[in-house]
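See structure below.
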Amino acid sequence: MLAFERREKILSTLYSDKKVFVAPLASTFNVTEETIRRDLEKLEREGVVTRNYGGATLNNRTSEDLPYQTRNTINLEEKRIIAQLVPPLVKDGSSIMADTSSTVYEALQVLQQSRDHLTIITNSVSILQDFAFSSFDVFSTGGSLRKNSRSLVGPSAIRSVQQYNVDAAVVSCKGISMTQGIMDTNEPEADLKQYMQNQARQVILLVDHTKFGAVSLVKTFPFEQVDCLLTNKQPSEEWLDFFEQHEIDVIFPS
């Protein structure tokens, strides 16, 4: 078993049990306890787990559906670094599907200063409010309000998204896994992202470094549907090889 496969299985156990212990994991995978400790150290550096005496617990941010105001303050500097990478991929006059993520919100802030005549179709109440008087042409998907995430979801939102064909879907997620794909914390928003990418000529995924290897509740869409991934720092060689195999362009600060 490769190291990344072992870590993915550890994450799956963490998601179901919320905690793991070094000795049982070493026995399960037939490796030394030191190897498991290195695995947990790596996962901790990625922001996925918190190590403690004898094991580790899942970082709650990986699995919780946090309120928008809370999400907007987590890893804000990393999100703003990613946002600066978006403009070269978006031309003046482009049309964009934008999800409710705080990283996408930051990207739109940057695009507002650097691109003209953009059309934005979104299910984000925050984007609808804060960009109402911007230079963007902003369209709401409509739908049922999820107050916690300030998002619009449901059948009417899906029908609205299906009416448009756009240049790009700019979306984020709660976690990416080599074995389990791209994931989010709730089904209604995950479903809508699937429809958004279906209607886009290009799918741009914004992922800060803490999302690599993180496991969340609901799968959204597979890596095969992603054209470009933007992140705040260079991924590991394992991940770069993985993205190359899936023909995904990876952009990060030089």
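The values are calculated or read from the model by the stated rules, or taken from the named source; none is laboratory data. If you're wondering where the values come from, they're calculated on a predicted model, not measured in any experiment. Here the Cβ positions follow ideal geometry from the backbone for every residue, glycine too, while neighbour counts run over all protein chains shown. All accessible areas refer to the heavy atoms of the entire protein, side chains included, with ligands and DNA or RNA removed. Shrake-Rupley method; radii C 1.70, N 1.55, O 1.52, S 1.80 Å.
Please list 233-243, 210-220 highest first by mean number of surrounding beta-carbon atoms within 10 Å per residue. Can you show the working numbers first?
Working: 233-243: 14.4, 210-220: 22.0.
For the peptides 233-243, 210-220, the packing ranking is 210-220, 233-243.
With springs only between Cα atoms under 10 Å apart, run a GNM on the chain and tell me which of VAL90, VAL104, VAL171 wobbles the most.
VAL90
Rounded to the nearest 500 deg cm²/dmol, what is the calculated helix-only ellipticity per residue at 222 nm for the chain, with -39500 (n - 2.57) per DSSP H run of length n ≥ 4?
After summing the helix terms and dividing by residue count, I get -11000 deg cm²/dmol.
How would you classify the stretch 166-254 from its alpha-carbon gyration tensor, with a ≥ b ≥ c the square roots of the eigenvalues: rounded for a/c under 1.5, else prolate if a/b is greater than b/c, otherwise oblate?
oblate
Can you tell me what share of the DSSP beta bridges in the stretch 96-249 is antiparallel? A percent to the nearest 5 is fine.
Working: 9 of 30 bridges.
Antiparallel: roughly 30 percent of the beta bridges in the stretch 96-249.
Could you give the size of the charge dipole of the stretch 154-254 about its Cα centre, using +1 on the Cβ of each K and R and -1 on the Cβ of each D and E, expressed in debye and rounded to the nearest 20? List each step's numbers first, then the result.
On the way: 7 positive and 14 negative charges, 81 e Å.
Roughly 400 debye for the stretch 154-254.
In terms of modelled amide H atoms, which long-range or inter-chain residues lie less than 5 Å from the amide H of GLY55?
Residues meeting the amide H criterion: VAL22.
Dipole magnitude of the chain about its Cα centre, charges +1 at Lys/Arg Cβ and -1 at Asp/Glu Cβ only, in debye to the nearest 20?
Numbers: 26 positive and 33 negative charges, 142 e Å.
Charge dipole, the chain, about its Cα centre: 680 debye, nearest 20.
Could you tell me which label, among (1) 26, 21, 19; (2) 28, 24, 17; (3) 34, 18, 16, carries the value of semi-axes √(5λ) of the Cα gyration tensor in Å calculated for this structure?
Given (1) 26, 21, 19; (2) 28, 24, 17; (3) 34, 18, 16, the structure-derived one carries the label (3).
Need the full-extension length gain, THR28 to SER12, defined as separation in residues times 0.36 nm minus the C-alpha distance. One decimal, nm. Walk me through the numbers before you get to the answer.
Working: separation 16, 0.36 × 16 = 5.76 nm, distance 1.37 nm.
Length difference between fully extended and current span is 4.4 nm.
For the stretch 214-225, in order, what is each residue's ³J(HN,Hα) by Karplus, 6.51 cos²θ - 1.76 cosθ + 1.60 with θ = phi - 60°, in whole Hz (x at glycine and Pro)?
In residue order, the calculated couplings are 6, 10, 10, 6, 10, 6, 9, 8, x, 4, 4, 8 Hz.
Under the classification rounded if a/c is under 1.5, otherwise prolate if a/b is larger than b/c and oblate if not, where does the stretch 1-60 fall, given a ≥ b ≥ c as square roots of the Cα gyration tensor eigenvalues?
On the way: a/c = 1.39, a/b = 1.32, b/c = 1.06.
Cα axes put the stretch 1-60 in the rounded bin.
Compute the signed sum of charges (Lys and Arg +1, Asp and Glu -1) over the other residues within less than 10 Å, Cβ to Cβ, of VAL226.
Numbers: positive: none; negative: GLU224, ASP227, GLU247, ASP249.
Spelling it out: positives minus negatives among the neighbours equals -4.
Amide H of GLY175: which non-local residues (sequence gap of 5 or more, or other chain) have their own amide H closer than 5 Å, using H built in the peptide plane?
Residues meeting the amide H criterion: MET183.
What's the carbon and sulfur percent of the chain's accessible surface, probe 1.4 angstrom, rounded to a whole number? Kindly include the intermediate steps, with their values, before the conclusion.
On the way: 5440 of 11680 Å².
The nonpolar share, carbon plus sulfur, comes to 47 percent.
At 1.4 Å probe size, with every protein chain present, just tell me what the per residue accessible area of the stretch 177-254 comes to in Å².
Value returned for the stretch 177-254: 42 Å² of accessible area per residue.
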